[in-house]
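The values are calculated or read from the model by the stated rules, or taken from the named source; none is laboratory data. Since the structure is predicted, the reported quantities are computational estimates derived from the model, not experimental observations. Cβ coordinates were reconstructed from backbone atoms using ideal geometry, including for glycine residues, and neighbour counts include every protein chain displayed. The accessibility values were calculated without ligands, DNA or RNA, using every heavy atom of the protein model including side chains. Shrake-Rupley method; radii C 1.70, N 1.55, O 1.52, S 1.80 Å.
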Amino acid sequence: MGIVFYNKKTVRDIDVVNKRVLVRVDYNVPRDENGNVTDLTRVNGTLPTLQYLLKRGAKVVLMSHLGRPKGERNLKYSLENLTPHLARLLDAPVHFCPDCIGPEAEKMAAELKSGEVLLLENLRFYKEEEKNDPEFAAKLAKLGEIFVSDAFGAVHRAHASLVGVAAHLPAVSGFLLEKDLVMMSKLLAQPQRPCVAVMGGAKVDDKIGVIKNLLPSVDRLLIGGAMANTFLNALGYDMGASKVSPEFIDLVKELLEQDVEKKIVLPQDLVVADSFSADAEHCNVSVDNVPEGWMALDMGEKTIATYSALIKSAKCVIWNGPMGVFEMPAFAKGTEAIAVACAKTQGSTIVGGGDSLAAIDQAGVGYMITHISTGGGSTLEYLEGRHLPGVEVLQDAE
Ligand code: AMP
């Protein structure tokens, strides 16, 4: 498969005892309208690295982004209220610095004692972060003696805290990043056969490159979600008021023509609704029977059966993106059935992308999936065979 194989040093391969360690994490956590943190999955994912460091007397300085404050100091996006959660989860003193660079951050980092943590304010309060500004990166690097990247969800971006900072400090990976890279390359470098990829969701532009890259290496590529509408439309089916991406029709036609082995599998039937709402009138129709003004919001019963059987008999499954509007219970059946099939397959399964993870949670099958990737965009770029800038900069393992 056209994926990049990485062999990078981790915190295990470097002396961290009593060192000041600058760790890039992805604490872009979901929050409610009052800013309270509603899910700590991303924080929990980093605990093995942080506990490893603290046990060895390291002084841990944490940096992360949160949301899109667009380079301005906007306290709506402050990381401060993660401090008590971190202190509880790590059972260690956690200090908060209201800045991520400058004299105050430098003083607090210098005064940090062994076994203590300093959480820096949101990196994206500075526009220099996303621009990978070298001076900004140098200022961040002043806060540590070693750089650890543990933010798989962000390593596809060449930002200062992920790339620039590595020019100044010994740079290694944390355990969460390591796990994602090792598991994905282990399962995908020489996938067990048959290997089935399942692609859903709405954004065709994100996934068309992935489909192209995966097609030569997989045995079947099952398409669902709004993306399937674009494929069906490219084959000439009238999709009524369904979500279609007309700008991709030509590209999709080309892809279907190239697929001489007919690996791409499309829905036979769909659940169509008279409006985009949870209580819309809906029914099961074949793909050539979408009523005028109605829209496809899930895959139909026959498609669920076909896709589930292909997934269950596979030895390797890669899934990204929901099969329908799974946020509405009436249109969640397809996605939940795929989640269950992924859990029941005899082979190994890799699931990536925020929405697929939510669907896995919704179906309650997370504990049966071989590898749940913490990245969305980064998983897709990795599957597309692209290099991840935030991984490239880390030291190679010997
Ligand atoms: P993506 O970010 O590309 O993975 O898309 C995820 C979104 O696609 C979810 O919010 C789904 O509700 C949406 N989606 C999936 N299937 C459909 C569909 N048939 N029509 C409209 N939206 C859909």
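Please tell me if P98 is in contact (Cβ under 8 Å) with a residue 12 or more places away in the chain and more than 26 Å from the chain's Cα centre (by Cα). When the stated conditions are applied, P98 passes them. Within the stretch 307-320, at least one residue is within 12 Å of the ligand (Cβ to nearest atom) and either touching a Phe, Trp or Tyr at 6+ places or on another chain (Cβ under 7 Å) or assigned by TED's automatic domain parsing to the domain that holds A197 (or both).
Among the criteria (1) among the small types (G, A, S); (2) more than 21 Å from the chain's Cα centre (by Cα); (3) on the phi > 0 side of the Ramachandran plot, the one G67 does not fulfil is (2).
Test V340 against the criterion of being within 8 Å of the ligand (Cβ to nearest atom) and open to solvent by 10 Å² or more (accessible area, probe 1.4 Å), and give yes or no. For V340, the condition - within 8 Å of the ligand (Cβ to nearest atom) and open to solvent by 10 Å² or more (accessible area, probe 1.4 Å) - is not met. Identify all residues within the stretch 323-359 that are touching a residue at least 60 places away in the same chain (Cβ under 8 Å) and in a loop (DSSP other than H, G, I, E, B); write none if there are none. M323, G324, G347, G353 - these are the residues of the stretch 323-359 that are touching a residue at least 60 places away in the same chain (Cβ under 8 Å) and in a loop (DSSP other than H, G, I, E, B).
Hey, could you check the stretch 145-194 for residues that are in a loop (DSSP other than H, G, I, E, B) and among the hydrophobic types (A, V, I, L, M, F, W, C) and say which is nearest to G57 (Cα to Cα)? Per the stated criteria, the residue is L169.
Taken over the stretch 151-190, residues that are of a type outside the set (S, T, Y) and over 13 Å from the mean Cα position of the chain (by Cα) amount to 25.
For the structure I just gave you, tell me whether A330 is out of contact with any helix residue (DSSP H, G or I) (no Cβ under 9 Å at 6 or more places or on another chain) and within 16 Å of the ligand (Cβ to nearest atom). Show your work before the answer.
Numbers: out of contact with any helix residue (DSSP H, G or I) (no Cβ under 9 Å at 6 or more places or on another chain): yes; within 16 Å of the ligand (Cβ to nearest atom): yes.
Yes.
Within the stretch 15-37, the residues that satisfy the criterion of being open to solvent by 10 Å² or more (accessible area, probe 1.4 Å) and either farther than 23 Å from A154 by Cα or part of a strand (DSSP E or B) (or both) are D15, V17, N18, K19, R20, R31, E33, N34, V37. Checking each residue in the stretch 317-337 for being among the hydrophobic types (A, V, I, L, M, F, W, C), within 25 Å of D279 (Cβ to Cβ) and crowded, with 23+ Cβ neighbours inside 10 Å picks out M323, V325, F326, F331. Counting residues in the stretch 168-184 that are out of contact with any Phe, Trp or Tyr (no Cβ under 9 Å at 6 or more places or on another chain) and open to solvent by less than 10 Å² (accessible area, probe 1.4 Å) gives zero.
So, of the residues in the stretch 207-251 that are charged (D, E, K, R) and within 14 Å of the ligand (Cβ to nearest atom), which turns out to be modelled with the highest pLDDT?
Of the stretch 207-251, the ones charged (D, E, K, R) are 207, 212, 219-220, 238, 243, 247, 250.
Filter again for within 14 Å of the ligand (Cβ to nearest atom), leaving 207, 243.
Working: K207: 87, K243: 97.
Ranking the candidates gives K243 first.
Within the stretch 116-140, if we keep just the residues that are outside any loop (DSSP other than H, G, I, E, B), among the charged types (D, E, K, R) and free of Cβ contacts under 8 Å to residues at least 60 places away in the same chain, the residue that is least open to solvent (accessible area, probe 1.4 Å) turns out to be R124.
A single entry from A197, A166, A171 fulfils the requirement of being among the small types (G, A, S) and not assigned by TED's automatic domain parsing to the domain that holds P48: A197.
This table checks each residue for (1) open to solvent by less than 60 Å² (accessible area, probe 1.4 Å); (2) within 26 Å of R12 (Cβ to Cβ); (3) in the same structural domain as A337 (by TED's automatic domain parsing).
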{"position": "G353", "(1), (2), (3)": "yes, no, yes"}
{"position": "I360", "(1), (2), (3)": "yes, no, yes"}
{"position": "A363", "(1), (2), (3)": "yes, no, yes"}
{"position": "I369", "(1), (2), (3)": "yes, yes, yes"}
{"position": "G376", "(1), (2), (3)": "yes, no, yes"}
{"position": "P389", "(1), (2), (3)": "yes, yes, no"}
{"position": "V393", "(1), (2), (3)": "yes, yes, no"}
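The set of residues in the stretch 1-14 being of a type in the set (A, V, I, L, M, F, W, C), modelled with pLDDT of 95 or more and part of a loop (DSSP other than H, G, I, E, B) consists of I14 alone.
Among residues of the stretch 225-238 that are assigned by TED's automatic domain parsing to the domain that holds D269, those with a beta-carbon under 8 Å from a residue that is more than 11 Å from the ligand (Cβ to nearest atom) and of a type in the set (K, R) at least six positions away or on a different chain give the pairs A234/K253.
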